[in-house]
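Written out below as structure tokens is the structure these notes cover.
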Amino acid sequence: MFFDRLFLEREEDREIEVEMMDGLPSCLINEEILWKMLDLQTLCTVACVSKSLRFSVDTEVLPYLDSLDLSIVSIDEHALYHILSRFKSLNTLTLNCQRLYGSSLLPFLAPQIQQLNLFSCSLLSSSVLNSIGANCPFLRVLAVEFADHGSPPILFRKNVAYMLNKCQYLERLSLKIKGTEVDASAFQSIEFSLPRSIKFLKLKPMLENNAIHLANRLSVSKSPSSSGFVLQFLSLLLDVITDRLLVAIANSLPLLVELHLEDRPDKEPLPGLDLTNGGLHFLGSCHFLTDLSLKRSRQNYQGSFKRINDMGMFLLSQRCKALESVRFSGFSKVSDAGFASLLHTCQKLKKFEVRNAFLLSDLAFHDLIQAPCTLVEVRLLSCGLITSETVKKLAFSRSLEVLDLCGCKSVADSCLSSISCLQRLTTLNLTGADITDSGLSVIGQGNTPISYLCLRGCKRITDKGISFLLCGGGAIAQTLSSLDLGYMPGISDNGILTIATFGREITELCIRSCFYVTDLAMRALATKRRSQDRSKQLCRVDIFNCVGLSADALKLLRKPLFRGLHWIGIGKTHLISNEDTMITEIQKERPWLTLCLDGCEMQCHDGWQFHSP
């Protein structure tokens, strides 16, 4: 009753404010209010305040905006037409296409489109590339994520070739096909259709053999003034990364600035068909290389780069001293000496990521304070020998903005005082760390402006720790927008009530597999916006496998509760035991809301290709 009474009182105040707003001259509204807040989300919110503001937004702002990003919401054909029909000057369009068919896009593919990003295309076939080529001849940037529908690769290649032959000004191309058994020959012979204007190329997946032909075909003259290809960025997902592939890339693409290679072998590579120290040595021919990513995925086979050791890292660090970003995964034979050589030799190094490095320990960072590089982003994932001592050393880099220690189980409370002094840190991932409520108290009182915090799997944290975090008087209470509390048995309704009350900036919350969360907590989250005017709305919530929720909790997804919600994961909960009719009614009532009934992570970024909208 208190929430309802407070809501009614504030509604009366808003009605008075709206009447005053409607009395303002339109020129003042346009010049002093709207054109000074061209953030689309803010404009849409402002348009709901009064008729004058809505008219001004519709007639004086939207028709003249040249870019639109709808990637955070999944909308249907009707909503898309309703939105895009108001934009008359678009040349940049970004869409989440999970609910869209190819025909939905046709009215908006036009010659003025220069940048087109189509993500999560679970319903689109490769024929959309045909339409893009026919209608967007001046396209400069194209990114498309397809789901594998089992269509013949030859048809996909035909549509890609047609599009590339029509888009002769294309500079950036990213094409991905996601699925469990994607035919990697889909990009075979694509090199024969690529326009010479191409500078950025991302293709996933691709066979190593075809990648070698691609590199040889795109052979670059060492002079940028040449009429040939000038490829500067290459990203490929392969069946296997080999020495011969790196030799082809180094010899043919000397102007590369960024190289990202990932492979997913399904068995141990043969001795002659794998990456070795020699392959890393050849990368020294790419004198402009500043960003290098080499990853061996364990998705299909629990393997690693077993033929690369410290010597390979020594060679790489000596020949590629200009590196500013390195990302390595699966280098199981490289020890502290090899990784330390990169930190001390590459003086411009800003981003350092290592995953599944079983020999990496605190010793690699022992003399970090003497290293010439100024680290901005550090990610040490599933590196079991890393402890709090490494974090203390990293804290000497006052420019640090991202610290990801996912899977480093020996990181404990003792290093959190060092973290709390990092005044530029915005992202902190402590998944699986051995931290407690006392550690969160230190962060809650610190000056660190963290906007993303992941505590997933931290089993020693309880509701009290959440209170320490958000009520400690530190900076994080004013900056935290995304919080992950998944798989934490110590979190119950009290912790969620604290978030609903004091997490004013939080728009993204994950509490998957928190078994002691009940309908009481969900009700508090659903009314979060009502009770606090200064509180931001929740946009994404993950309650997957929260078995303490009852079927009645589904009613909380009806309007007007959970205002602003775009995505919610409700898989393996009692909410989906309800009749399908209620879920259908909610989807009709809230077309902008995605109800994920599977086990996808936030926003379905890892599973949209497996389920229909």
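The values are calculated or read from the model by the stated rules, or taken from the named source; none is laboratory data. The shown structure was predicted, so the numbers you read here are calculated from the model rather than taken from an experiment. All Cβ positions, glycine included, derive from the backbone under ideal geometry; neighbour counts span all protein chains shown. Just the protein is used for accessible areas: all its heavy atoms, side chains included, with ligands, DNA and RNA removed. Shrake-Rupley method; radii C 1.70, N 1.55, O 1.52, S 1.80 Å.
Accessible area per residue was computed with a 1.4 Å probe on protein heavy atoms; S56 scores about 0 Å².
The mean sequence distance of close C-alpha pairs (under 8 Å, at least 6 residues apart), as a share of the length of the chain, puts its relative contact order at 7 percent. Residues of the range 127-153 falling in the label zone of N165, defined by backbone nitrogen less than 14 Å from a point 7 Å along Cα to beta-carbon, are 130-131, 133-134. Simple spin-label estimate for K199 and Y301 gives 3.8 nm between the two label positions (7 Å along the Cα-to-Cβ direction from each Cα). Distance between the 7 Å Cα→Cβ label points at K409 and R217: 4.7 nm. Let me have the 222 nm mean residue ellipticity of the chain computed from DSSP H runs of 4+ only, each contributing -39500 (n - 2.57), with the sum over all residues rounded to the nearest 500. Computed mean residue ellipticity for the chain: -8000 deg cm²/dmol. Figure note: F200, F468, F331, F396 ranked by solvent-accessible area, largest first, 1.4 Å probe, ligands and nucleic acids not counted: F396, F468, F200, F331. Using 0.36 nm per residue and subtracting the Cα-Cα separation, the extra length available between S103 and F55 on full extension is 14.3 nm.
Surface analysis of the chain yields an accessible area of 43 Å² per residue, using protein heavy atoms and a 1.4 Å probe. The slack in the chain from F87 to D367, taken as 0.36 nm per residue of separation less the alpha-carbon distance, amounts to 95.3 nm.
Rolled with a 1.4 Å probe across the full set of protein chains, the surface gives D484 an accessible area near 20 Å².
May I ask for the longest run of the chain untouched by GluC sites (Glu not before Pro) that are loop-located per DSSP and have at most 13 neighbouring C-beta atoms (other than their own) within 10 Å? Here the longest segment lacking exposed loop sites spans 182-578. The overall shape of the chain, judged from the alpha-carbon gyration tensor, is oblate: a/c is not under 1.5, and a/b is no greater than b/c. Highest mean packing comes first when the peptides 510-523, 292-305 are listed by Cβ atoms within 10 Å, giving 510-523, 292-305.
Straight-line reach only, C-alpha to C-alpha below 20 angstrom: list the lysines that K588 could link to, leaving out same-chain residues fewer than 8 apart. Answer for K588, where 20 Å is the Cα cut-off: K555, K559, listed by chain and number. Loop-located trypsin sites (Lys or Arg not before Pro) across the range 441-499 with a Cβ neighbour count of 16 or fewer within 10 Å are K459, with loop assigned by DSSP. Legend: calculated FRET efficiency, A110 to Q587, from the Cβ-Cβ distance at R0 = 41 Å, rounded to 0.05, equals 0.85.
Ligands, DNA and RNA left out, the accessible area of the chain computed with a 1.4 Å probe is 52% carbon and sulfur. For the set K176, K306, K267, the ranking by accessible area, highest first and with no ligand, DNA or RNA atoms included, is K267, K306, K176 under a 1.4 Å probe. Hey, with R₀ at 22 Å, roughly what FRET efficiency would D66 and Q478 work out to, going by the Cβ-Cβ distance, to 0.05? After rounding, the FRET efficiency stands at 0.10.
Within the same chain, lysines fewer than 8 places from K351 are excluded, and of the rest, those with a Cα less than 18 Å from its Cα are K295, K321, K392, K393. Separation of the range 561-582 from the range 397-444 is 33 Å, based on Cα centroids.
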